[in-house]
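Just so it is clear, none of the values below were taken in a lab; they were calculated from the coordinates. Since the structure is predicted, the reported quantities are computational estimates derived from the model, not experimental observations. Note: ideal-geometry Cβ built from the backbone for every residue, glycine included; neighbour counts use all protein chains shown.
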Amino acid sequence: MTAPDEFLNIDTPENVVFGYEVVGIGSRFLAALVDTAIIGLLLVAANAILIFVLLGGFNSPSMGNSFIVALLSLISFAFFWGYYIFFEMRWNGSSPGKRQVGIRVIRADGTPITLAESVIRNLVRLVDFLPGAYGVGLVTMFIDSKARRLGDMAANTLVVREQTAVSLESLGKAATSADPVVSRAPGKAEMEAAKWPVDKLTEADIQLAESLLQRYNELPNGFTLANQILNRLVERME
């Protein structure tokens, strides 16, 4: 059984590591509950309008009823299937329910989901619901190490927790209010760094580096930020 909210690291060809918190069944269930409620409300509204408009256009009640039933079935399928695809493409792998819970869908390599993956994973959603109420999908999520349902396996996607964006600008602002660095005896690294032309760095550059070091383990994209800051400092020191 999958441990809820397992942490997954993805290595890119550029040797940059992205950390993602893989979402467990509980968070996905809450998101699905919200999305299902929204879909239900949309269907009720659309069906009521459709019935009101179409009932007056048929002389034969039996013919009108048959046509309306067929049309309602088609609309229900389009809502159920297209709802997720529409929002996943518009909101970068998220939906109203997923946004509410703070999760989203990504590809297994960490890149944003594309239309092809969204279509595949949501088409297979119909199979995940068998024999009813997410039966097959729930069993698959319990068995799979990354809590994926059949649709995720077919599309090679994952559902992860949304990360809080951290930029160099926000890190620089945090540096102004950061705690002072505790003095200690210099080690080998400090002695080596003393040979660098650090006099070319500004006070803001130094505060930015210190703030990163203090908060590195708390940042979801600390490795990427560290590389950006390193390049900035090396460029300043020429």
What FRET efficiency comes out for the pair residue 114/residue 236, r = Cβ-Cβ distance, R0 = 41 Å, nearest 0.05? 0.60
Using the Karplus equation 6.51 cos²θ - 1.76 cosθ + 1.60 (θ = phi - 60°), what ³J(HN,Hα) coupling, rounded to whole Hz, does each residue of segment 101-114 give in order, writing x for Gly and Pro? 8, x, 10, 7, 9, 10, 6, 5, 8, x, 8, x, 5, 9
For residue 42 and residue 29 in one chain, what is 0.36 nm times their gap in residues minus the Cα-Cα distance, to one decimal in nm? 2.7 nm
Rough spin-label spacing in nm, given labels placed 7 Å along Cα→Cβ, for residue 66 and residue 52: 2.8
What's the local net charge at residue 124, with K and R +1, D and E -1, over the other residues with C-beta under 10 Å away? +1
Under the rule of at least 5 residues apart or a separate chain, name every residue whose amide H is placed under 5 Å from the amide H of residue 113. 107
What are the ³J(HN,Hα) values, in whole Hz, obtained from phi via the Karplus relation 6.51 cos²θ - 1.76 cosθ + 1.60 with θ = phi - 60°, for each residue of segment 88-97 in sequence order, with x given for Gly and Pro? 5, 7, 7, 10, 6, x, 10, 8, x, x
